[in-house]
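The values are calculated or read from the model by the stated rules, or taken from the named source; none is laboratory data. This is a predicted model, so every value here is computed, not measured. Methodologically, a virtual Cβ is constructed for each residue, glycine included, from the backbone with ideal geometry; neighbour enumeration extends over all protein chains shown. Protein only, heavy atoms only, side chains kept; ligands, DNA and RNA dropped before computing areas. Shrake-Rupley method; radii C 1.70, N 1.55, O 1.52, S 1.80 Å.
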Amino acid sequence: MLTQRPRGTSDILPGVSEQWQRLEQAVRDTCRLYNFKEIRTPVFEHTELFARGVGETTDIVEKEMYTFTDRGDRSLTLRPEGTAGVVRAYVENKLFGSPDAVKMYYVGPMFRYEKPQKGRDRQFHQYGCEVFGSEDPGVDAEVIALNLHILDNLGVKGVTVELNSVGCSVCRPLHKKDMIERLLPVADRLCKDCQARLEKNPLRIFDCKNESCQALLKEVGAPTIAESLCDECQTHFSGVQGALDAMDVDYRLNPYLVRGLDYYTRTAWEYVVEGFSSIGGGGRYNGLVAQVGGPETPGIGFAGGMERVLMVLAEQSKEAVELPLLDLYVVGVDASGQLAAAKLLQQARKSGVSADRDYLQRSVKAQFKAADRLNARYVAVLGETEVAQGRVALKNLATGEQVDMTWADAILQVQQRGV
Ligand code: HAM
């Protein structure tokens, strides 16, 4: 046990963490272009927030939460997703006082007690964006496009947006009534999960992976929610599609798309790449801020699954990932050389040059080998003569050229990017 991490978690090791940094950087850079600001909320919240926010009837709340009682007898839960915490922070910090739409993004770990498998972990990571204060269908389109932009910057290929509208508090209850009327007489032919869904949230039956349930929906002629939208939801949904068309964003209407969280109203979508499970998803949640205790405020957002995005990237770009270069490796020939190396390293690093040296008193040959392993661009050699003269022998490892120069010149040369 001591040397085994908990099931469904992973160690992100050097060599792989660079890919994570690249993804995080793409998120930050793209969010800046769309004028989203970062928010960081706690990794745990009061259990009640998720029960109320994410929804009592969702799989997440029913069976996937990491809930514990702290020493003060409070029930707390490791966040299973980011939206509820951001909504809580929006209300608690009265961000609704802003005259403008509030646009925020986040990056961080989430926790769900799921059955671990490829692309499904118990601790996983999401990046996500949320916008508060606008019902404009143009915002829906912009939020959908934002993640496509991030994925495109990273070089993820073949992403499709699957789009639906799941209605609102006007049309959903009517749809629910209709579903119950049609399915109740044949309820015994639904799977156990769907029998429970029929009572609590029949819309989610469309999400059932069981073919017999899907066949039964067809048999009784159950209408999709997309066919049952009220006029306002229909107009809004057309507006979203019009805005996406105007922005040249491709999407595929999927009237069967139902998201696994209860807070969604109107627009709902997922980012899919063939052969992989969904790499992200989002939607509108116009009732959530009020439900959490704030003023009626429309909201919308999405989250991307970072493990899944990286998995797709790894599959799509099979060629070996380049090790990041080290700018400079400093070789100390003897003890005084190593002491001088410590000083040169300080100067180099303060000048923005990434630099390293040997800490094991190894031979010059072994130090050069280490420089190769680290993929260094330059090696600076400090022998007796160099130390005495305050100079250094700088070797360009790509060309093999070695020149004697002052420390300042050596640092300047290494600073000039490119070999
Ligand atoms: P979600 O669909 O539950 O939505 O999660 C978003 C993404 O997180 C999924 O598409 C998937 O890529 C990734 N994901 C979810 N569970 C796991 C897991 N166990 N292991 C690995 N990856 C996983 C939400 O969480 C909403 N908060 C999104 C949102 C933001 N809606 C509005 N604003």
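Below, the figures for the structure above:
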item	result
Residue list for the stretch 256-271, filter: assigned to a loop (DSSP other than H, G, I, E, B) and not hydrophobic (A, V, I, L, M, F, W, C)	Tyr256, Arg259, Gly260, Asp262, Tyr263, Tyr264
Options Thr69, Thr30, Thr47: the member that is within 26 Å of Leu148 (Cβ to Cβ), at pLDDT 95 or above and among the hydroxyl-bearing types (Ser, Thr, Tyr)	Thr30
Qualifying helices (runs of 4 or more DSSP H) (wholly inside the stretch 191-255; at least 2 residues being over 18 Å from Asn164 (Cα atoms) and open to solvent by 40 Å² or more (accessible area, probe 1.4 Å))	192-200, 211-219
Single unsatisfied condition, Val139 versus (1) more than 12 Å from the ligand (Cβ to nearest atom); (2) in a loop (DSSP other than H, G, I, E, B)	(2)
Boolean, Asp11 is open to solvent by 50 Å² or more (accessible area, probe 1.4 Å), more than 16 Å from the chain's Cα centre (by Cα), outside the structural domain of Pro116 (by TED's automatic domain parsing) and among the charged types (D, E, K, R)	yes
Inter-residue pairs, beta-carbon under 8 Å, first near the ligand (Cβ under 7 Å from one of its atoms) and in the stretch 287-311, second polar (S, T, N, Q) and in a helix (DSSP H, G or I), 6+ apart	Gly301/Thr83; Phe302/Asn147; Ala303/Thr83; Gly304/Asn147
Odd one out for Asp358, checked against (1) more than 16 Å from the ligand (Cβ to nearest atom); (2) under 33 Å from the mean Cα position of the chain (by Cα); (3) among the acidic types (Asp, Glu)	(2)
Subset of the stretch 259-286 [closer than 18 Å to Asp136 by Cα and either within 9 Å of the ligand (Cβ to nearest atom) or without any contact (Cβ under 8 Å) to a residue 12 or more places away in the chain (or both)]	Tyr264, Ala268, Gly282, Gly283, Arg284, Tyr285
Hey, Tyr113 open to solvent by 40 Å² or more (accessible area, probe 1.4 Å), touching a residue at least 12 places away in the same chain (Cβ under 8 Å), among the hydroxyl-bearing types (Ser, Thr, Tyr) and touching a strand residue (DSSP E or B) at 6+ places or on another chain (Cβ under 7 Å) or not	yes
Some residue of the stretch 123-130 being more than 28 Å from Asp245 (Cα to Cα), free of Cβ contacts under 8 Å to residues at least 60 places away in the same chain and surrounded by fewer than 21 Cβ atoms within 10 Å (Cβ to Cβ)	no
Residue list for the stretch 61-87, restricted to those being surrounded by 21 or more Cβ atoms within 10 Å (Cβ to Cβ) and assigned to a helix (DSSP H, G or I)	Val61, Thr83, Ala84, Gly85, Val86, Val87
Boolean, Val289 is in contact with a strand residue (DSSP E or B) (Cβ under 7 Å, 6 or more places away or on another chain), assigned by TED's automatic domain parsing to the domain that holds Ile39, over 18 Å from Thr58 (Cβ atoms) and part of a helix (DSSP H, G or I)	yes
Single match in Ala89, Ala84, Ala51, Ala101 (criterion: in contact with a Phe, Trp or Tyr (Cβ under 7 Å, 6 or more places away or on another chain), within 16 Å of the ligand (Cβ to nearest atom) and free of Cβ contacts under 8 Å to residues at least 60 places away in the same chain)	Ala101
Failed item in (1) within 16 Å of the ligand (Cβ to nearest atom); (2) open to solvent by less than 20 Å² (accessible area, probe 1.4 Å), with Ala348 passing the rest	(1)
Residue check, Val272 closer than 23 Å to Val54 by Cα and of a type outside the set (Lys, Arg)	yes
All positions within the stretch 150-175 that are under 16 Å from Arg266 (Cβ atoms), assigned to a helix (DSSP H, G or I), in contact with a helix residue (DSSP H, G or I) (Cβ under 8 Å, 6 or more places away or on another chain) and open to solvent by 10 Å² or more (accessible area, probe 1.4 Å)	Arg172, Leu174
